Amino acid sequence: MLLAIAVLPLAAPAFWESNARKLALSALLGLPVLILYARHHPPALLHAGEEYLSFIILLGSLFVVSGGILVTGDLPATPRVNTAFLAIGAVLASLVGTTGASVVLIRPLLSTNQERRHVVHTIVFFIFIVSNTGGCLTPLGDPPLFLGYLRGVPFTWTLRLWPHWLFVNTLLLLVYYLWDRRALAREPVESILRDRAEVRPVRVSGMWNVALLMLVVASVALLPAPYREIVMMAIAATSLVTTPKAIHEANRFTFHPIAEVAALFAGIFLTMIPALDILRAHGASLGVSTPRQFFWATGALSSFLDNAPTYLTFLTIAQSLDLPAEVVGVTHEVLIAISAGAVFMGANTYIGNGPNFMVRAIAEERGVSMPSFGGYMLYSAAVLIPCFLLVTLVFFG
């Protein structure tokens, strides 16, 4: 299932465009597991189904509500302004999720930089920070952390990642600021003059949806299932009904992205049931035992496969090692390493985390010539890998 997600968008992009085909693939690959567990262990199917519904309802409610927030404007595209955009996104990603923050901020960032010629690096760093490394402070920030929350990780536990969040995002923002200063110096004079002349103040429409986002956060933190899911669905419905059509049209809001996630994760949640059972039985024999190993093993797999099931895979391996049961059967340090690896290294490729491809598509729609799959990895190899090596030395040495 994960191999199909990694390969088919590149090998058969026309086939992969259809959400119906994605759902058919999920059904085809999930059917053997469904039959096997329906005959031998039905409670496992019920548990996976409950987690899947909670997962999709959370992502769907964040997606719908954030789609009702429209940020417009055209600020001067200076390194300070662009860096401020990314810094705000790093905070927002943990509050409304990497998908929500990416949806809200990518279009005003593109509008701000539309007069400049050198824009690609800005979008790449946006993917690094807003779509990935910013989202590790709450279970709302990134899908793997919400799955951890559903598996028993306390809601506030992820705040333990604040030193890692601060270190990585500060370092990336510093690198970006220096990079953008150099890029600005190479801009033609006419581009700079046009950027200074075409300035429009930032305006936010759909402010009531910000309050609705806070209600989603409160429901996840305070309510048990199924009341949590009922409230989130009610909030999403309220947003859809009360948001003017003009805001959705300006945001080019459709249900296609969240339908894609729902179709693919139906297959992922089914097919990972036996995989997780096998890992519980034999995970200790894989040789991954230290926080440093968990950070890089989780991160390496998260780079090329979806980081949510990767998180569960290595959490299951860690639980099989009979470590001190400080949190969900593992040590705090090991869970920090797994969480950081999944969230941070999802930025290494376009396919590591869902918002990566979405941001690329929006940028290309606005005329930005984004790098290829391999070209993007040159950026991540040059910027992210040295950053993660420093994370290893500082936190997992």
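The values are calculated or read from the model by the stated rules, or taken from the named source; none is laboratory data. From a predicted model like this one, the values you see are computed outputs, not experimental measurements. Methodologically, a virtual Cβ is constructed for each residue, glycine included, from the backbone with ideal geometry; neighbour enumeration extends over all protein chains shown. Just the protein is used for accessible areas: all its heavy atoms, side chains included, with ligands, DNA and RNA removed. Shrake-Rupley method; radii C 1.70, N 1.55, O 1.52, S 1.80 Å.
A few remarks follow.
- Between 0 and 90°, nearest 10: helix 354-365 axis offset from the chain longest Cα axis: 30 degrees
- Probe 1.4 Å - accessible area at Ile247, Å² to nearest ten: 10 Å²
- In region 317-371, the inverse of the mean reciprocal separation of distinct Cα atoms equals 13.5 Å; this is its Kirkwood hydrodynamic radius.
- log10 of Debye I(q)/I(0), alpha-carbon scatterers only, for region 189-295 at 0.13, 0.20 Å⁻¹: -0.86, -1.15
- With contacts taken as Cα pairs under 8 Å at a separation of at least 6 residues, the chain carries a relative contact order of 24 percent.
- All Cα-Cα distances of the chain, cut into 10 Å bins from zero to the largest, leave 5, 23, 33, 26, 10, 2, 0, 0 percent in each bin in turn.
- nm² value of the averaged projected area, convex hull over the Cα atoms of region 252-397: 10.0 nm²
- For region 40-74 and region 107-169, distance of Cα centres in Å: 18 Å
- Of Ala185, Val104, Ala12, farthest towards positive along the dipole that unit charges on Lys, Arg, Asp, Glu beta carbons give the chain: Ala185
- Rg then Dmax, both in Å and based on the Cα atoms of region 180-228: 21.4, 58.
- Cα lying deepest toward the dipole's positive end in region 231-383, options Ala275, Thr349, Thr313, charges on Cβ: Thr349
- Helix 227-242 and the longest principal axis of the Cα set of the chain meet at an angle near 30°.
- Accessible-area value, His47, 1.4 Å probe, nucleic acids and ligands omitted, Å²: 90 Å²
- The dipole here belongs to the chain: it is taken about the Cα centre, uses +1 on the Cβ of Lys and Arg and -1 on the Cβ of Asp and Glu, and is about 560 debye.
- Highest average packing first - 337-346, 351-360, Cβ atoms within 10 Å: 337-346, 351-360
- Rounded accessible area of Asp277 (nearest 10 Å², 1.4 Å probe): 60 Å²
- Quotient of Cα Rg and 2.2 N^0.38 Å for region 1-55, N being how many residues it contains: 1.35
- Residues Val189, Val153, Val91, Val81 ordered from highest to lowest accessible area at a 1.4 Å probe: Val189, Val91, Val81, Val153.
- Looking at region 294-386, the GluC sites (Glu not before Pro) that sit in a DSSP loop and have at most 12 other Cβ atoms within 10 Å of their own Cβ are Glu326.
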